[in-house]
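S.K.: Please read through the structure below; I'll follow up with questions.
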Amino acid sequence: MNVPHWLAALALGSVPCAGMAAQTAPSREPLQIDKPMEFVRYLFCDVDGDGRTDLTAVCAGQNRRELRTFLRRATEPQFGGAPSIMILDKDVVAFAFVQSAALAPRTLVLFTPERAIAVQATSDGAPSYAALFAHQLVWPAADPTDCVPLQSWVTDLDGDGREDVVVPEPDGARVVLQQASTGGCAFAVAAQWQLPPRIDRLAGRSGGSGRSSGTINLRLRSDDQVGEEDSRDRGPLVEVRARTPTIQFLDLDGDRRLDGWCVRNEAIWWWPQTSPGHFAATAVRWPLPLPEDRLPVFDPAFDVQLHDTDRDGRADLVLTTSSQRDGEIEVRIDLYRQQAEGNPWRAGADSRLRLQTLAAPPQLADVDGDGVLDLVAITLRTDLLGALQGGAAEFDVQSNVFRGDSGRFVVPALLTQKLSMQPRERRRGGGTFVRALAGGSGKPGSLLVHDGASLQLRPLVRDGKRLELGDPEWRVPVGDEESPVMPTGQAPELVVSGGHDATVVRWR
(Lines give C-alpha, C1' and ligand atoms only; values in the text may rest on other atoms or scores of the structure.)
Protein backbone atom coordinates (compact mmCIF):
# COMPACT_ATOMS: atom_id res chain seq x y z
CA MET A 1 0.00 0.00 0.00
CA ASN A 2 1.46 3.36 -1.03
CA VAL A 3 1.02 5.78 1.85
CA PRO A 4 1.54 9.48 1.00
CA HIS A 5 4.65 11.09 2.49
CA TRP A 6 2.73 13.18 4.98
CA LEU A 7 1.24 10.00 6.48
CA ALA A 8 4.50 8.09 6.66
CA ALA A 9 5.05 8.95 10.33
CA LEU A 10 3.36 5.64 11.22
CA ALA A 11 3.28 2.27 9.47
CA LEU A 12 0.08 0.51 10.52
CA GLY A 13 -0.64 -2.28 8.07
CA SER A 14 -4.04 -2.76 6.46
CA VAL A 15 -6.04 -5.01 8.82
CA PRO A 16 -9.36 -3.38 9.82
CA CYS A 17 -9.77 -2.66 13.50
CA ALA A 18 -11.99 -5.07 15.40
CA GLY A 19 -14.75 -3.66 17.59
CA MET A 20 -13.72 -2.51 21.03
CA ALA A 21 -14.72 -4.63 23.97
CA ALA A 22 -17.68 -3.56 26.06
CA GLN A 23 -16.78 -1.04 28.75
CA THR A 24 -18.49 0.80 31.59
CA ALA A 25 -16.21 3.84 31.35
CA PRO A 26 -14.92 5.53 28.21
CA SER A 27 -11.30 5.51 27.22
CA ARG A 28 -9.69 8.94 27.28
CA GLU A 29 -6.61 9.56 25.19
CA PRO A 30 -4.86 12.94 25.55
CA LEU A 31 -3.31 14.82 22.65
CA GLN A 32 -1.06 17.83 23.08
CA ILE A 33 0.77 20.34 20.93
CA ASP A 34 3.41 22.87 21.96
CA LYS A 35 2.64 26.55 22.31
CA PRO A 36 1.90 28.80 20.51
CA MET A 37 -0.02 26.28 18.36
CA GLU A 38 -3.60 25.50 19.33
CA PHE A 39 -6.18 23.00 18.14
CA VAL A 40 -8.82 24.70 15.97
CA ARG A 41 -10.89 21.97 14.26
CA TYR A 42 -11.12 18.19 14.12
CA LEU A 43 -12.08 15.65 11.48
CA PHE A 44 -12.57 11.91 11.94
CA CYS A 45 -11.90 10.14 8.63
CA ASP A 46 -10.15 6.94 7.49
CA VAL A 47 -7.20 8.62 5.79
CA ASP A 48 -4.85 5.70 5.11
CA GLY A 49 -7.52 3.20 3.98
CA ASP A 50 -6.93 0.56 6.66
CA GLY A 51 -10.53 0.54 7.90
CA ARG A 52 -9.76 2.55 11.05
CA THR A 53 -10.98 6.11 11.54
CA ASP A 54 -8.08 8.54 11.86
CA LEU A 55 -8.06 12.04 13.35
CA THR A 56 -6.97 15.16 11.48
CA ALA A 57 -6.69 18.42 13.41
CA VAL A 58 -6.37 21.97 12.12
CA CYS A 59 -3.81 23.76 14.30
CA ALA A 60 -2.87 27.43 14.26
CA GLY A 61 -0.54 29.88 16.00
CA GLN A 62 1.74 32.83 15.18
CA ASN A 63 0.56 33.21 11.56
CA ARG A 64 1.08 29.51 10.90
CA ARG A 65 -1.52 26.83 10.16
CA GLU A 66 -1.04 23.09 10.03
CA LEU A 67 -2.93 19.90 9.36
CA ARG A 68 -1.84 17.26 11.85
CA THR A 69 -3.03 13.74 11.07
CA PHE A 70 -3.00 11.16 13.85
CA LEU A 71 -3.31 7.67 12.37
CA ARG A 72 -5.29 5.21 14.49
CA ARG A 73 -3.47 2.05 15.56
CA ALA A 74 -4.92 -1.30 16.52
CA THR A 75 -3.24 -1.13 19.94
CA GLU A 76 -3.50 1.38 22.79
CA PRO A 77 -2.85 4.25 22.75
CA GLN A 78 -4.60 4.36 19.42
CA PHE A 79 -3.24 7.82 18.52
CA GLY A 80 0.08 7.29 20.25
CA GLY A 81 2.33 7.69 17.22
CA ALA A 82 3.82 10.95 15.99
CA PRO A 83 1.39 12.81 13.71
CA SER A 84 2.17 13.77 10.16
CA ILE A 85 2.27 17.53 9.62
CA MET A 86 1.21 19.47 6.55
CA ILE A 87 1.94 23.22 6.64
CA LEU A 88 -0.84 25.17 4.96
CA ASP A 89 -0.15 28.07 2.62
CA LYS A 90 -1.97 31.33 3.29
CA ASP A 91 -4.32 30.93 0.33
CA VAL A 92 -5.63 27.50 1.48
CA VAL A 93 -9.09 27.92 3.02
CA ALA A 94 -10.50 24.36 3.09
CA PHE A 95 -9.49 20.72 2.75
CA ALA A 96 -10.92 17.22 2.29
CA PHE A 97 -9.75 13.64 1.82
CA VAL A 98 -10.90 11.85 -1.35
CA GLN A 99 -10.69 8.10 -2.00
CA SER A 100 -10.07 6.63 -5.44
CA ALA A 101 -10.58 2.94 -4.57
CA ALA A 102 -11.78 0.88 -1.62
CA LEU A 103 -9.18 0.22 1.10
CA ALA A 104 -6.76 2.64 -0.54
CA PRO A 105 -5.24 5.75 1.07
CA ARG A 106 -7.25 8.89 0.52
CA THR A 107 -5.74 11.85 -1.33
CA LEU A 108 -5.53 15.13 0.53
CA VAL A 109 -7.21 17.87 -1.50
CA LEU A 110 -6.56 21.51 -0.58
CA PHE A 111 -8.95 24.25 -1.66
CA THR A 112 -8.07 27.85 -2.39
CA PRO A 113 -10.92 30.22 -3.30
CA GLU A 114 -10.32 29.45 -6.99
CA ARG A 115 -8.96 25.92 -7.36
CA ALA A 116 -8.65 22.45 -5.88
CA ILE A 117 -5.16 20.97 -5.52
CA ALA A 118 -4.16 17.36 -4.79
CA VAL A 119 -1.19 16.75 -2.50
CA GLN A 120 0.86 13.84 -3.78
CA ALA A 121 4.13 12.19 -2.80
CA THR A 122 7.25 12.15 -4.95
CA SER A 123 10.02 9.55 -4.93
CA ASP A 124 12.15 11.64 -2.52
CA GLY A 125 9.21 12.13 -0.11
CA ALA A 126 8.74 15.85 -0.83
CA PRO A 127 5.20 17.12 -1.40
CA SER A 128 3.97 17.48 -4.95
CA TYR A 129 0.93 19.55 -5.90
CA ALA A 130 -1.36 18.82 -8.84
CA ALA A 131 -4.18 21.14 -9.90
CA LEU A 132 -7.50 19.26 -10.12
CA PHE A 133 -10.25 21.72 -11.14
CA ALA A 134 -11.30 25.34 -10.87
CA HIS A 135 -14.23 26.57 -8.79
CA GLN A 136 -15.66 29.62 -6.99
CA LEU A 137 -15.65 28.43 -3.40
CA VAL A 138 -17.43 30.51 -0.78
CA TRP A 139 -15.13 30.38 2.22
CA PRO A 140 -15.18 31.69 5.81
CA ALA A 141 -12.13 33.92 5.65
CA ALA A 142 -13.15 36.04 8.62
CA ASP A 143 -10.98 33.84 10.87
CA PRO A 144 -7.42 33.66 9.50
CA THR A 145 -6.58 30.80 11.87
CA ASP A 146 -9.21 28.51 10.35
CA CYS A 147 -9.24 25.93 7.59
CA VAL A 148 -12.62 24.32 6.96
CA PRO A 149 -13.01 20.57 6.37
CA LEU A 150 -15.33 19.91 3.41
CA GLN A 151 -15.58 16.18 4.14
CA SER A 152 -19.39 16.27 4.32
CA TRP A 153 -19.35 17.43 0.67
CA VAL A 154 -17.37 14.33 -0.43
CA THR A 155 -19.26 11.16 -1.37
CA ASP A 156 -19.54 8.58 -4.14
CA LEU A 157 -22.42 10.10 -6.09
CA ASP A 158 -22.46 7.89 -9.19
CA GLY A 159 -21.77 4.54 -7.51
CA ASP A 160 -18.48 3.78 -9.31
CA GLY A 161 -16.49 3.24 -6.09
CA ARG A 162 -14.65 6.57 -6.37
CA GLU A 163 -15.48 9.53 -4.15
CA ASP A 164 -16.71 12.70 -5.80
CA VAL A 165 -16.74 16.30 -4.62
CA VAL A 166 -19.46 18.94 -4.42
CA VAL A 167 -18.10 22.48 -4.03
CA PRO A 168 -20.33 25.11 -2.37
CA GLU A 169 -20.49 28.23 -4.52
CA PRO A 170 -22.44 31.51 -4.31
CA ASP A 171 -26.14 30.63 -4.68
CA GLY A 172 -25.32 27.17 -5.97
CA ALA A 173 -22.82 24.33 -6.15
CA ARG A 174 -20.45 22.60 -8.55
CA VAL A 175 -20.62 18.80 -8.86
CA VAL A 176 -17.24 17.30 -9.76
CA LEU A 177 -17.05 13.55 -10.45
CA GLN A 178 -13.84 11.56 -10.07
CA GLN A 179 -12.71 9.81 -13.23
CA ALA A 180 -10.74 6.61 -13.73
CA SER A 181 -7.03 7.40 -13.73
CA THR A 182 -3.80 5.42 -13.79
CA GLY A 183 -2.02 7.86 -11.51
CA GLY A 184 -3.33 10.36 -8.96
CA CYS A 185 -6.81 11.84 -9.04
CA ALA A 186 -8.68 13.08 -12.10
CA PHE A 187 -11.98 14.98 -12.00
CA ALA A 188 -14.53 16.33 -14.44
CA VAL A 189 -17.28 18.86 -13.75
CA ALA A 190 -20.61 17.06 -14.11
CA ALA A 191 -23.03 19.85 -13.19
CA GLN A 192 -23.18 23.45 -12.05
CA TRP A 193 -26.32 24.23 -10.09
CA GLN A 194 -27.66 27.72 -9.66
CA LEU A 195 -30.41 28.93 -7.35
CA PRO A 196 -32.36 32.17 -7.29
CA PRO A 197 -31.08 34.80 -4.82
CA ARG A 198 -32.13 34.21 -1.26
CA ILE A 199 -35.12 36.25 -0.10
CA ASP A 200 -34.41 37.66 3.35
CA ARG A 201 -37.65 37.68 5.33
CA LEU A 202 -36.04 37.51 8.78
CA ALA A 203 -37.53 34.01 8.92
CA GLY A 204 -34.62 32.32 7.23
CA ARG A 205 -33.13 30.70 10.28
CA SER A 206 -32.97 26.98 9.69
CA GLY A 207 -30.94 24.02 10.82
CA GLY A 208 -30.66 20.27 10.89
CA SER A 209 -30.78 18.50 7.56
CA GLY A 210 -32.44 21.41 5.80
CA ARG A 211 -30.24 24.40 6.42
CA SER A 212 -31.07 26.71 3.56
CA SER A 213 -28.07 28.99 3.56
CA GLY A 214 -25.30 30.42 5.68
CA THR A 215 -23.78 33.86 5.85
CA ILE A 216 -20.06 33.94 5.11
CA ASN A 217 -18.10 37.05 6.10
CA LEU A 218 -15.12 37.83 3.89
CA ARG A 219 -12.88 40.39 5.56
CA LEU A 220 -9.86 42.34 4.37
CA ARG A 221 -7.59 43.22 7.28
CA SER A 222 -4.95 45.82 7.78
CA ASP A 223 -1.35 44.66 8.20
CA ASP A 224 0.16 48.10 8.70
CA GLN A 225 0.55 47.52 12.44
CA VAL A 226 3.17 45.07 13.60
CA GLY A 227 4.18 44.11 17.09
CA GLU A 228 2.65 42.43 20.06
CA GLU A 229 -0.92 43.33 19.16
CA ASP A 230 -2.78 40.38 17.68
CA SER A 231 -4.10 41.32 14.24
CA ARG A 232 -7.24 39.27 14.97
CA ASP A 233 -8.25 41.96 17.52
CA ARG A 234 -8.40 44.69 14.87
CA GLY A 235 -11.55 45.23 12.88
CA PRO A 236 -11.81 44.66 9.14
CA LEU A 237 -11.40 47.41 6.57
CA VAL A 238 -13.95 45.82 4.25
CA GLU A 239 -16.64 43.23 4.92
CA VAL A 240 -18.55 41.44 2.17
CA ARG A 241 -21.33 38.89 2.57
CA ALA A 242 -22.05 35.92 0.37
CA ARG A 243 -24.48 33.03 0.78
CA THR A 244 -24.28 29.44 -0.27
CA PRO A 245 -26.90 26.72 0.21
CA THR A 246 -26.05 23.50 2.00
CA ILE A 247 -26.50 20.83 -0.67
CA GLN A 248 -27.22 17.35 0.66
CA PHE A 249 -27.52 14.01 -1.08
CA LEU A 250 -29.97 11.15 -0.60
CA ASP A 251 -32.36 9.07 -2.67
CA LEU A 252 -35.47 11.24 -2.75
CA ASP A 253 -37.54 9.34 -5.32
CA GLY A 254 -36.71 5.71 -4.53
CA ASP A 255 -34.71 4.89 -7.70
CA ARG A 256 -31.60 3.93 -5.66
CA ARG A 257 -29.58 6.86 -6.99
CA LEU A 258 -28.39 9.78 -4.88
CA ASP A 259 -30.11 13.07 -5.67
CA GLY A 260 -29.08 16.57 -4.62
CA TRP A 261 -31.36 18.84 -2.61
CA CYS A 262 -31.38 21.99 -0.53
CA VAL A 263 -33.81 24.51 0.98
CA ARG A 264 -34.15 28.07 -0.27
CA ASN A 265 -36.95 30.64 -0.25
CA GLU A 266 -39.42 28.36 1.53
CA ALA A 267 -39.05 25.57 -1.01
CA ILE A 268 -37.06 22.38 -1.53
CA TRP A 269 -34.93 22.40 -4.67
CA TRP A 270 -34.26 18.90 -6.00
CA TRP A 271 -31.75 17.80 -8.66
CA PRO A 272 -32.56 14.17 -9.56
CA GLN A 273 -29.78 11.89 -10.78
CA THR A 274 -31.35 10.57 -13.96
CA SER A 275 -28.60 8.03 -14.69
CA PRO A 276 -25.25 7.31 -13.02
CA GLY A 277 -23.28 10.56 -12.99
CA HIS A 278 -25.95 12.59 -14.83
CA PHE A 279 -28.08 15.09 -12.95
CA ALA A 280 -30.96 17.23 -14.10
CA ALA A 281 -29.63 20.60 -15.25
CA THR A 282 -32.53 22.49 -13.67
CA ALA A 283 -33.79 21.88 -10.16
CA VAL A 284 -37.35 20.79 -9.47
CA ARG A 285 -38.97 23.20 -7.02
CA TRP A 286 -41.18 21.73 -4.29
CA PRO A 287 -42.88 24.46 -2.21
CA LEU A 288 -42.89 23.71 1.48
CA PRO A 289 -46.39 23.16 2.95
CA LEU A 290 -45.96 25.95 5.50
CA PRO A 291 -48.93 26.46 7.88
CA GLU A 292 -50.90 29.65 7.34
CA ASP A 293 -50.60 30.60 11.01
CA ARG A 294 -46.82 30.32 11.03
CA LEU A 295 -45.14 33.29 12.71
CA PRO A 296 -45.02 35.77 9.80
CA VAL A 297 -41.84 37.72 10.67
CA PHE A 298 -39.60 35.46 12.70
CA ASP A 299 -39.89 31.70 13.00
CA PRO A 300 -37.32 30.61 15.61
CA ALA A 301 -37.97 26.87 15.18
CA PHE A 302 -37.96 26.67 11.35
CA ASP A 303 -36.23 23.46 10.29
CA VAL A 304 -36.49 21.13 7.29
CA GLN A 305 -35.33 17.52 7.21
CA LEU A 306 -35.85 14.63 4.79
CA HIS A 307 -35.92 11.04 6.04
CA ASP A 308 -37.49 7.79 4.87
CA THR A 309 -39.78 7.37 7.89
CA ASP A 310 -42.09 4.69 6.44
CA ARG A 311 -39.33 2.63 4.75
CA ASP A 312 -40.84 2.80 1.25
CA GLY A 313 -37.57 4.01 -0.33
CA ARG A 314 -38.75 7.62 -0.78
CA ALA A 315 -37.77 10.53 1.44
CA ASP A 316 -40.46 12.05 3.66
CA LEU A 317 -40.60 15.62 4.95
CA VAL A 318 -40.18 16.58 8.61
CA LEU A 319 -41.09 20.27 8.87
CA THR A 320 -40.73 22.28 12.09
CA THR A 321 -42.42 25.68 12.40
CA SER A 322 -43.59 28.09 15.09
CA SER A 323 -46.94 29.74 15.79
CA GLN A 324 -48.52 31.76 18.57
CA ARG A 325 -51.24 30.14 20.62
CA ASP A 326 -52.92 31.75 23.64
CA GLY A 327 -50.11 34.29 23.82
CA GLU A 328 -47.38 31.63 23.91
CA ILE A 329 -45.02 30.41 21.19
CA GLU A 330 -45.88 26.88 20.09
CA VAL A 331 -43.69 24.60 18.01
CA ARG A 332 -45.27 22.19 15.50
CA ILE A 333 -43.36 19.26 14.02
CA ASP A 334 -45.24 18.05 10.93
CA LEU A 335 -44.53 14.83 9.06
CA TYR A 336 -45.51 14.60 5.38
CA ARG A 337 -45.10 11.22 3.69
CA GLN A 338 -44.01 11.55 0.07
CA GLN A 339 -46.63 10.71 -2.54
CA ALA A 340 -45.73 8.73 -5.63
CA GLU A 341 -46.89 11.31 -8.19
CA GLY A 342 -47.44 15.05 -8.55
CA ASN A 343 -46.93 17.34 -5.58
CA PRO A 344 -44.98 15.13 -3.17
CA TRP A 345 -46.68 16.52 -0.04
CA ARG A 346 -50.31 15.94 0.85
CA ALA A 347 -52.66 18.81 1.69
CA GLY A 348 -52.44 17.95 5.38
CA ALA A 349 -49.69 16.52 7.53
CA ASP A 350 -49.73 12.78 8.22
CA SER A 351 -48.65 13.46 11.77
CA ARG A 352 -48.34 16.59 13.92
CA LEU A 353 -46.67 17.13 17.28
CA ARG A 354 -47.32 20.28 19.32
CA LEU A 355 -44.48 21.19 21.68
CA GLN A 356 -42.98 23.96 23.75
CA THR A 357 -40.04 25.99 22.46
CA LEU A 358 -37.27 23.78 21.13
CA ALA A 359 -33.66 24.07 22.32
CA ALA A 360 -32.33 22.47 19.11
CA PRO A 361 -33.69 21.03 15.83
CA PRO A 362 -35.44 17.65 16.27
CA GLN A 363 -33.38 14.49 15.82
CA LEU A 364 -34.52 11.31 14.07
CA ALA A 365 -32.94 8.04 15.19
CA ASP A 366 -34.08 4.53 16.09
CA VAL A 367 -33.71 4.98 19.83
CA ASP A 368 -36.14 2.24 20.91
CA GLY A 369 -34.45 -0.44 18.79
CA ASP A 370 -37.46 -1.54 16.70
CA GLY A 371 -35.89 -0.63 13.34
CA VAL A 372 -38.08 2.45 12.75
CA LEU A 373 -36.97 6.08 13.08
CA ASP A 374 -38.18 7.80 16.23
CA LEU A 375 -38.24 11.55 16.89
CA VAL A 376 -36.31 13.19 19.73
CA ALA A 377 -37.19 16.78 20.61
CA ILE A 378 -35.42 18.77 23.32
CA THR A 379 -37.71 21.50 24.70
CA LEU A 380 -36.98 24.37 27.08
CA ARG A 381 -38.69 24.14 30.46
CA THR A 382 -37.52 27.56 31.64
CA ASP A 383 -36.89 30.97 30.10
CA LEU A 384 -33.34 30.38 28.87
CA LEU A 385 -32.76 34.00 27.84
CA GLY A 386 -33.97 35.27 31.21
CA ALA A 387 -31.83 32.69 33.01
CA LEU A 388 -28.73 33.76 31.12
CA GLN A 389 -29.37 37.47 31.69
CA GLY A 390 -30.03 36.86 35.36
CA GLY A 391 -26.87 34.84 35.79
CA ALA A 392 -28.74 31.70 36.78
CA ALA A 393 -26.60 28.73 37.73
CA GLU A 394 -28.63 26.33 35.60
CA PHE A 395 -31.67 25.92 33.37
CA ASP A 396 -33.88 22.97 32.53
CA VAL A 397 -34.64 21.22 29.27
CA GLN A 398 -36.91 18.27 28.64
CA SER A 399 -36.01 15.30 26.47
CA ASN A 400 -39.05 13.98 24.57
CA VAL A 401 -38.95 10.74 22.55
CA PHE A 402 -41.86 9.92 20.22
CA ARG A 403 -42.10 6.45 18.69
CA GLY A 404 -42.19 6.19 14.90
CA ASP A 405 -44.88 3.95 13.42
CA SER A 406 -45.58 3.61 9.66
CA GLY A 407 -44.91 7.22 8.81
CA ARG A 408 -46.29 8.89 11.93
CA PHE A 409 -45.10 9.80 15.40
CA VAL A 410 -47.14 8.32 18.23
CA VAL A 411 -48.36 10.20 21.30
CA PRO A 412 -48.03 10.09 24.22
CA ALA A 413 -44.26 10.22 24.22
CA LEU A 414 -42.17 7.17 25.03
CA LEU A 415 -40.04 9.38 27.27
CA THR A 416 -40.37 12.81 28.89
CA GLN A 417 -37.37 13.50 31.08
CA LYS A 418 -36.11 16.75 32.64
CA LEU A 419 -32.39 17.50 32.34
CA SER A 420 -30.55 20.28 34.16
CA MET A 421 -27.99 22.24 32.15
CA GLN A 422 -25.51 24.99 33.01
CA PRO A 423 -25.36 28.16 30.87
CA ARG A 424 -22.14 28.04 28.92
CA GLU A 425 -20.59 30.32 26.34
CA ARG A 426 -20.59 28.58 22.99
CA ARG A 427 -17.13 28.09 21.56
CA ARG A 428 -16.18 26.63 18.21
CA GLY A 429 -17.83 23.22 18.17
CA GLY A 430 -18.79 23.54 21.83
CA GLY A 431 -21.84 24.41 23.90
CA THR A 432 -24.30 22.25 25.83
CA PHE A 433 -26.16 19.59 23.84
CA VAL A 434 -28.23 16.43 24.01
CA ARG A 435 -27.51 13.89 21.28
CA ALA A 436 -29.69 10.83 20.65
CA LEU A 437 -27.73 7.68 19.77
CA ALA A 438 -29.48 4.75 18.10
CA GLY A 439 -29.60 1.33 19.67
CA GLY A 440 -28.79 -1.96 17.97
CA SER A 441 -29.93 -5.58 17.80
CA GLY A 442 -33.35 -4.64 19.13
CA LYS A 443 -31.98 -2.79 22.16
CA PRO A 444 -32.77 0.83 23.05
CA GLY A 445 -30.16 3.50 22.45
CA SER A 446 -28.89 6.25 24.72
CA LEU A 447 -28.55 10.01 25.14
CA LEU A 448 -25.16 11.70 25.03
CA VAL A 449 -25.43 14.80 27.21
CA HIS A 450 -23.09 17.74 27.69
CA ASP A 451 -24.67 19.63 30.59
CA GLY A 452 -22.00 22.34 30.75
CA ALA A 453 -19.93 20.67 33.46
CA SER A 454 -19.58 17.10 32.22
CA LEU A 455 -20.20 14.63 29.44
CA GLN A 456 -22.59 11.81 30.29
CA LEU A 457 -23.85 8.73 28.47
CA ARG A 458 -27.31 7.89 29.77
CA PRO A 459 -28.89 4.64 28.55
CA LEU A 460 -32.55 4.33 27.57
CA VAL A 461 -34.25 1.45 29.37
CA ARG A 462 -37.59 -0.19 28.46
CA ASP A 463 -40.36 0.10 31.05
CA GLY A 464 -43.31 -1.73 29.53
CA LYS A 465 -44.40 0.38 26.54
CA ARG A 466 -42.39 3.38 27.66
CA LEU A 467 -38.73 4.26 28.02
CA GLU A 468 -36.88 5.47 31.07
CA LEU A 469 -33.62 7.41 31.16
CA GLY A 470 -31.15 5.44 33.22
CA ASP A 471 -28.39 6.76 35.43
CA PRO A 472 -25.19 7.76 33.60
CA GLU A 473 -23.07 4.81 32.51
CA TRP A 474 -20.14 7.17 32.77
CA ARG A 475 -19.39 10.82 33.40
CA VAL A 476 -16.39 12.82 32.14
CA PRO A 477 -15.79 16.29 33.66
CA VAL A 478 -15.42 19.19 31.19
CA GLY A 479 -13.38 22.21 32.31
CA ASP A 480 -14.36 25.85 31.84
CA GLU A 481 -11.86 26.25 29.00
CA GLU A 482 -12.80 23.00 27.28
CA SER A 483 -15.43 22.36 24.59
CA PRO A 484 -16.68 18.95 23.42
CA VAL A 485 -16.85 18.77 19.63
CA MET A 486 -20.28 17.25 19.00
CA PRO A 487 -20.21 14.07 16.91
CA THR A 488 -21.71 14.23 13.42
CA GLY A 489 -22.71 10.58 13.20
CA GLN A 490 -23.25 7.54 15.36
CA ALA A 491 -19.53 6.90 15.94
CA PRO A 492 -18.93 6.38 19.67
CA GLU A 493 -16.26 9.05 20.11
CA LEU A 494 -15.72 12.80 20.25
CA VAL A 495 -13.00 15.30 21.08
CA VAL A 496 -12.91 17.51 24.15
CA SER A 497 -10.92 20.50 22.96
CA GLY A 498 -8.96 22.82 25.23
CA GLY A 499 -6.55 25.03 23.31
CA HIS A 500 -3.14 23.32 23.36
CA ASP A 501 -4.67 20.12 24.74
CA ALA A 502 -7.35 17.78 23.46
CA THR A 503 -8.81 14.49 24.67
CA VAL A 504 -10.35 11.80 22.46
CA VAL A 505 -13.21 10.19 24.38
CA ARG A 506 -14.33 6.77 23.08
CA TRP A 507 -17.01 4.45 24.38
CA ARG A 508 -19.07 1.39 23.45
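S.K.: At a 1.4 Å probe radius, carbon and sulfur cover how many percent of the accessible area of the stretch 79-170? Intermediate results must be reported in sequence, preceding the final value.
M.R.: Numbers: 1960 of 3660 Å².
Ligands and nucleic acids excluded, carbon and sulfur give 54 percent.
S.K.: How many nm is it between the label spots at GLN356 and ALA82, if each spot is 7 Å from the Cα in line with the beta carbon?
M.R.: Output for this residue pair reads 5.6 nm.
S.K.: Based on the Cα gyration tensor of the stretch 455-506, what are the three equivalent ellipsoid semi-axes, each the root of five times an eigenvalue, rounded to whole Å and given largest first? Can you show the working numbers first?
M.R.: Values: eigenvalues 156, 29, 12 Å².
Square roots of five times the eigenvalues give 28, 12, 8 Å.
S.K.: A further question on this structure: Roughly speaking, what is the stretch gain from ASP34 to VAL372, that is 0.36 nm per residue apart minus the C-alpha to C-alpha distance, in nm to one decimal? Could you put the intermediate results ahead of the total?
M.R.: On the way: separation 338, 0.36 × 338 = 121.68 nm, distance 4.71 nm.
Extra length from ASP34 to VAL372 when fully extended: 117.0 nm.
S.K.: When the Cα centres of the stretch 24-41 and the stretch 67-129 are compared, how far apart do they sit, in Å?
M.R.: 19 Å
S.K.: Let me ask something else. Mind checking which lysines have their C-alpha under 29 Å from LYS90, skipping anything on the same chain fewer than 8 residues away?
M.R.: Leaving aside lysines fewer than 8 places away in the same chain, those within reach of LYS90 are LYS35.
S.K.: Taking a ≥ b ≥ c as the square roots of the eigenvalues of the Cα gyration tensor of the stretch 278-362, is the shape rounded (a/c under 1.5), prolate (a/b larger than b/c) or oblate? Don't skip to the end; give the middle numbers.
M.R.: Working: a/c = 2.13, a/b = 1.81, b/c = 1.18.
Note, shape of the stretch 278-362 comes out prolate.
S.K.: Can you work out the PRE-style zone for SER128? Point 7 Å along Cα to Cβ, and I want the residues of the stretch 97-116 with backbone N under 19 Å.
M.R.: 98-101, 105-110, 116, by backbone N distance to the label point.
S.K.: Could you work out how much longer the chain between VAL410 and ARG256 gets when fully extended? Use 0.36 nm per residue separation minus the Cα distance between them, nm to one decimal. Spell out each step's value before the answer.
M.R.: Details: separation 154, 0.36 × 154 = 55.44 nm, distance 2.88 nm.
Contour length minus the Cα-Cα distance gives 52.6 nm.
S.K.: Continuing with this model, one more query. Kindly report the accessible area of the stretch 41-156 per residue (heavy atoms of protein chains, probe 1.4 Å, no ligands, DNA or RNA), in Å². Numbers along the way, then the final one.
M.R.: On the way: 4580 Å² over 116 residues.
Heavy-atom accessible area per residue stands at 40 Å².
S.K.: Could you tell me the calculated FRET efficiency between ASP89 and ALA281, based on Cβ-Cβ distance and R0 = 45 angstrom, to the nearest 0.05? Mind showing how you got there, number by number?
M.R.: Values: r = 35 Å, r/R0 = 0.78.
Rounded to the nearest 0.05, the efficiency is 0.80.
S.K.: Let me ask something else about it. When we measure straight from the Cα of LYS465, which aspartates and glutamates land under 13 angstrom away, once same-chain ones fewer than 8 places off are left out?
M.R.: ASP368, ASP370
The values are calculated or read from the model by the stated rules, or taken from the named source; none is laboratory data. In this text, all values refer to a predicted model and were calculated from it rather than measured experimentally. In this analysis, Cβ positions are derived from the backbone assuming ideal geometry, glycine residues included, and neighbour counts consider all displayed protein chains. The accessibility values were calculated without ligands, DNA or RNA, using every heavy atom of the protein model including side chains. Shrake-Rupley method; radii C 1.70, N 1.55, O 1.52, S 1.80 Å.
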